[in-house]
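See below for the structure under consideration.
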Ligand SMILES: Cc1cc2nc3c(=O)[nH]c(=O)nc-3n(C[C@H](O)[C@H](O)[C@H](O)COP(=O)(O)OP(=O)(O)OC[C@H]3O[C@@H](n4cnc5c(N)ncnc54)[C@H](O)[C@@H]3O)c2cc1C
């Protein structure tokens, strides 16, 4: 008998659960011959409620699910994110650099890093190759109100309220996509003779059967962790941060500018995130408890937040979250796939968790096994792909620490110790001393970070790659092309600064008017 996959059961109603349920339900017809999607969430266990920075990929995800950008802005207290700004990472002073979402101009045509290098003392890399830094510094949005949904003059993602986001996804998934929503606490898992999950036992609703179970239970990791005991591959020896203190900070007044990038400010044993939404800022300190205790971390966060909000820090109800950095040895085991925090988590530098959820849900939607017999083949591909993705993310995050010259605490010194640096990152760094990374170095079609991202971080952190131009024959025409791009980029930045509204103005305007209307 062929066991067709007809019923998917998602456990967990945080961002992972609802993004997955909506992605699958948007892809498949429910009813005879189709695939039904049921989501069970516990009323007893709250979702984590942080995770407020997205990648540009979220635009495609929302579009595929069928949510309009206007509705998204209205419901999620969202603003535009165009990258990250890193302050105090290099020396511990006020120095800063950007990792913008837009690629350098003419990216696949010419490696601008080589032509920028001789001018590195006069202009930063990001500023020379892309207009987005100046747009962000002026608190501008990446598009105008007349632009259609999900289209912009520059590449962008979002800052959003995680609780409101899950609420919007739930409403849309249930009302528009036919997802069955069950509020129940799963307390038991029943196994089939082959070791698959046969059904889940809820406290109130009894048994819920399914063909494929998706574990979106957050750090509880109910199915993949507790039931199947798939171990976590710990990464604390590479990425030291294991705790976060999160606070929501009100603006001093409701017309205060909204930052167009996530602000990431390095501190003695970690870094502070600062995410501007229309109604508040979400901030927090991610740190290593090996180097400072919670009170010291609280004091550093308090000093950062200051009294700018006019509300004493203690009244902001800071919340502590423990992090066990790492990812599962397998994400898909038997008829169970883990997505979101249950699959793993490393610190939120570069906000790579939501995008992994989007990619996981999309791969399941695209490669949904027709029946149980082929499921293990798909599972193996899934596991290989996502293990590689986790390794790429960990290497890229570590890069930010390895390049620091901070000497003010043991935390920063230890972050540069050889034994904490993954060997492939150490090898790449050696190579990048002799030449800049470029797009033709990318070994995977679906690399998590384009080589441009490595360039932005390397040169933002003053890494001394040798330019290849001095050794190349046909240098003059390339020199000319590079000069042209630098000049046109400069004039483009001027035009964008004149024409684009601010992040605050556009997020206000969209609430009344909606995108795509003149
Ligand atoms: C400090 C911090 C900052 C972060 N910042 C970012 C960021 O900027 N960008 C980004 O992309 N990501 C970020 N993340 C990650 C992001 O928050 C998560 O990836 C995302 O919210 C998904 O969480 P989740 O849905 O997996 O888990 P949760 O939100 O914890 O949801 C778990 C769900 O499982 C349910 N559940 C648990 N047990 C049971 C049970 N027995 N029965 C039924 N239901 C159950 C709960 O009720 C809940 O609905 C951050 C994380 C942290 C810790």
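You will find that of 195, 276, 234, the residue that is more than 15 Å from the ligand (Cβ to nearest atom), closer than 30 Å to residue 461 by Cα and touching a residue at least 12 places away in the same chain (Cβ under 8 Å) is 234 and no other.
The number of residues in region 38-75 being in contact with a strand residue (DSSP E or B) (Cβ under 6 Å, 6 or more places away or on another chain), closer than 14 Å to residue 160 by Cβ and more than 8 Å from the ligand (Cβ to nearest atom) comes to 2. For region 1-37, a residue qualifies if it is outside any helix (DSSP H, G or I) and within 16 Å of the ligand (Cβ to nearest atom), and the qualifying residues are 8, 9, 10, 11, 12, 13, 14, 37. Within region 443-474, being assigned to a loop (DSSP other than H, G, I, E, B) and over 24 Å from the mean Cα position of the chain (by Cα) holds for 462, 463, 464, 465, 466, 467, 468, 472, 473, 474. Checking 355, 402 one by one, the residue that is within 16 Å of the ligand (Cβ to nearest atom), within 30 Å of residue 105 (Cβ to Cβ) and touching a helix residue (DSSP H, G or I) at 6+ places or on another chain (Cβ under 9 Å) is 355 and no other. Could we say that residue 40 is over 19 Å from residue 273 (Cβ atoms), assigned to a strand (DSSP E or B) and touching a residue at least 12 places away in the same chain (Cβ under 8 Å) here? So residue 40 fits the description; yes. When we screen 289, 229, 260 for residues that are within 19 Å of the chain's Cα centre (by Cα), more than 11 Å from the ligand (Cβ to nearest atom) and either in a loop (DSSP other than H, G, I, E, B) or surrounded by fewer than 23 Cβ atoms within 10 Å (Cβ to Cβ) (or both), the only hit is 260. The lone criterion from (1) within 16 Å of the ligand (Cβ to nearest atom); (2) touching a residue at least 24 places away in the same chain (Cβ under 8 Å); (3) over 29 Å from residue 458 (Cα atoms) left unmet by residue 187 is number (2). Whether any residue in region 156-168 is away from the ligand (no atom under 16 Å from the Cβ), touching a residue at least 12 places away in the same chain (Cβ under 8 Å) and under 25 Å from the mean Cα position of the chain (by Cα) is what I want to check. No, the conditions are met nowhere in region 156-168.
Of all residues in region 297-333, those satisfying the criterion of being part of a helix (DSSP H, G or I) and without any contact (Cβ under 8 Å) to a residue 12 or more places away in the chain are 299, 302, 303, 314, 315. Being surrounded by fewer than 15 Cβ atoms within 10 Å (Cβ to Cβ) and either closer than 30 Å to residue 300 by Cα or in contact with a helix residue (DSSP H, G or I) (Cβ under 9 Å, 6 or more places away or on another chain) (or both) is a description that does not apply to residue 415. Exactly one residue out of 93, 83 is more than 16 Å from the ligand (Cβ to nearest atom) and closer than 20 Å to residue 272 by Cα: that is 93.
Answer yes or no: is there a residue in region 327-350 that is within 16 Å of the ligand (Cβ to nearest atom), more than 25 Å from residue 190 (Cβ to Cβ) and more than 15 Å from the chain's Cα centre (by Cα). Checked region 327-350: at least one residue is within 16 Å of the ligand (Cβ to nearest atom), more than 25 Å from residue 190 (Cβ to Cβ) and more than 15 Å from the chain's Cα centre (by Cα).
Residue count for region 178-222 under the criterion of being in contact with a strand residue (DSSP E or B) (Cβ under 7 Å, 6 or more places away or on another chain) and assigned to a loop (DSSP other than H, G, I, E, B): the result is 11.
The residues listed here are 430, 511; of these, the one that is surrounded by fewer than 18 Cβ atoms within 10 Å (Cβ to Cβ) and under 30 Å from residue 237 (Cβ atoms) is 430. Residues that are within 17 Å of residue 405 (Cα to Cα) and out of contact with any helix residue (DSSP H, G or I) (no Cβ under 6 Å at 6 or more places or on another chain) within region 247-273 comprise 264, 265, 266, 268, 270, 271, listed in sequence order.
Each value in this text was obtained by applying a stated rule to the coordinates, not by laboratory testing. None of these values were measured; they are calculated from a predicted model. Cβ atoms come from the backbone with ideal geometry, glycine included; neighbour counts cover every protein chain shown.
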